[in-house]
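Down below is the structure, laid out as structure tokens.
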Amino acid sequence: MSEFDFEKNREYLVEKYTNGSCDYFAQAVYELTGWKIFKLSTDGWGFPGNNGETIYPMDFVHSYCCDTNGNYFDVTGVYENEETLIAPYIKIKDDYVGKEINGRFWTTISFKTDLDEERMAATKFRNFSTKSWTKYSTKHTTQKMLKYLEETYYSLIYYYPELIDTEKEITDRFTKLRQILIGQCETRFLELQSKSIATMETQIIGKKTEITSTQNFIQNLTEEIKHKKHVINEKSKKIPESRRAIVVGKWLKNIRDKENEISTCVNSIERIETQIRNIKSEIERMEKMNVNDFLRDT
């Protein structure tokens, strides 16, 4: 991976990790540094239950970390005062109190900070391969988790450049985690590649069967036309010359309709053959792909 420019992508990163992906950012920080994760929570949305009661589910509105010096950290920066970091989220929820939005309403904003002890207990770097990121990534594709890790790492060293010099372990951890995720991506890629190629090969078989069926239909129509022409030739000899042109004309129209049907079938075969060529080209493209192509497409 080439060096990621945090400053250049700052607006995108802040938008992403303050609007729904902050828990993945905090988790990645923990994986890289071991810093504790905090959750900003509220009593939650209130909404009517089945028996008319009001239900208040716990709702987390932001995740962030606390470094070894007691400073609080998220994608927006490093804060000595925790209240400064959480202030924007309290202001947002203030706008919702007492207002019904899509059938829900905020009844309180009694915020608290709470260590995510259960998540912390289940997340240990030394047991990474069995307990940590792989388990945490069940809601997202491995490719997305890799992107979360990379973006968090470069955000982290932007705000804490001294980590590179004083704690080289952070880079080692990042490299190890990234290799694990790439390995998972490669496994997933090979599975998808094999499955996709098998599916396309099955499509080709189906289309070839369709061509064979259409060719048989054309052959039958051709035989039918040949037979009808012979019949018309014999019957026309018995028709008075004054009526022959009208009667034979009707019979020949039926033959022309059959010939047009054959022409349509021929065009259909050509179209299917083009589809087969396109599928074969896609198979060749997929056979040449590797995990790096797979990652670039996500």
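The values are calculated or read from the model by the stated rules, or taken from the named source; none is laboratory data. Keep in mind it's a predicted model, so treat the numbers as computed, not measured. Using ideal geometry, Cβ is built from the backbone for each residue, glycine included, and neighbour counts are taken over all protein chains shown.
Just to check your reading of the model, which residue among 219, 193 is surrounded by 14 or more Cβ atoms within 10 Å (Cβ to Cβ) and polar (S, T, N, Q)? Full working, then the answer.
Values: 219 fails: surrounded by 14 or more Cβ atoms within 10 Å (Cβ to Cβ).
After ruling out the rest, the residue left standing is 193.
Please indicate, with yes or no, whether at least one residue in the stretch 204-219 is closer than 30 Å to residue 187 by Cβ and of a type in the set (Gly, Ala, Ser). Can you show your working first?
Step one: filter the stretch 204-219 for residues closer than 30 Å to residue 187 by Cβ, giving 204-206.
Subsequent filtering for residues that are of a type in the set (Gly, Ala, Ser) retains 206.
So far as the stretch 204-219 goes, yes, one or more of its residues are closer than 30 Å to residue 187 by Cβ and of a type in the set (Gly, Ala, Ser).
Could you identify the single residue in 277, 243 that is loosely packed, with under 12 Cβ neighbours inside 10 Å, over 19 Å from residue 218 (Cβ atoms) and at pLDDT 95 or above?
Working: 243 fails: at pLDDT 95 or above.
Of the residues listed, the single one that is loosely packed, with under 12 Cβ neighbours inside 10 Å, over 19 Å from residue 218 (Cβ atoms) and at pLDDT 95 or above is 277.
Show me the helices (runs of 4 or more DSSP H) found entirely inside the stretch 1-112 where at least 3 residues are farther than 23 Å from residue 172 by Cβ and at pLDDT below 80. Don't jump to the end; show me each part of the working.
Numbers: elements: 10-17, 22-33, 82-94.
Ranges flagged: 82-94.
Within the group 285, 256, which residue is assigned by TED's automatic domain parsing to the domain that holds residue 203, exposed (fewer than 13 other Cβ atoms within 10 Å of the Cβ) and closer than 29 Å to residue 188 by Cβ?
Working: 256 fails: closer than 29 Å to residue 188 by Cβ.
Criteria check complete, one pass: 285.
Can you name every residue in the stretch 168-222 that is among the acidic types (Asp, Glu) and without any contact (Cβ under 8 Å) to a residue 24 or more places away in the chain?
Within the stretch 168-222, the first condition is being among the acidic types (Asp, Glu), and the residues that meet it are 169, 172, 186, 191, 201, 210.
Matches in the stretch 168-222: 169, 172, 191.
From the list 268, 263, which residue is in a helix (DSSP H, G or I), hydroxyl-bearing (Ser, Thr, Tyr) and free of Cβ contacts under 8 Å to residues at least 12 places away in the same chain? Show your work before the answer.
On the way: 268 fails: free of Cβ contacts under 8 Å to residues at least 12 places away in the same chain.
Of the residues listed, the single one that is in a helix (DSSP H, G or I), hydroxyl-bearing (Ser, Thr, Tyr) and free of Cβ contacts under 8 Å to residues at least 12 places away in the same chain is 263.
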